[in-house]
Amino acid sequence: MVQEGHLLAVFNSAHRVMKAEGVLKALGLPVLLIPAPRQLQTDCGLALRFSEDAREKIMQALEQEGLLPAYVSEYRGGLFVTTWVNETGDVGR
């Protein structure tokens, strides 16, 4: 389900991740709602999967909608590496 180079946006609530999915799909952006892999620490158990090619547009759209994830991880060499952390504190708690 997750392959080398995929990015996962991890949210702290199921409501926020599903709302983010709806916004991004309405904009025609290529995202897929998936169960979050166990290796990731997530409160809601879901994540949005996308590619590096779409990253900038996806993050801009999420920021405009006030739906930034808690963090974004990339799958590299069999591990999830955190590449971005929401430091604004606005993660929907």
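Each value in this text was obtained by applying a stated rule to the coordinates, not by laboratory testing. Bear in mind that the values here come from a model prediction, so they are computed numbers and not experimental data. Here the Cβ is made from the backbone with ideal geometry for all residues, glycine too, and neighbour counts use every protein chain on show.
So the values come out like this:
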| item | result |
| --- | --- |
| Label-to-label distance, nm, for residues given as Gln39 and Ser51 (7 Å Cα→Cβ offset) | 2.1 nm |
| Normalised convex hull volume, the chain, alpha-carbon set, Å³ per residue | 85 Å³ |
| Placed amide H near Thr83: partners under 5 Å, 5+ positions off or other chain | Val72, Ser73, Glu74 |
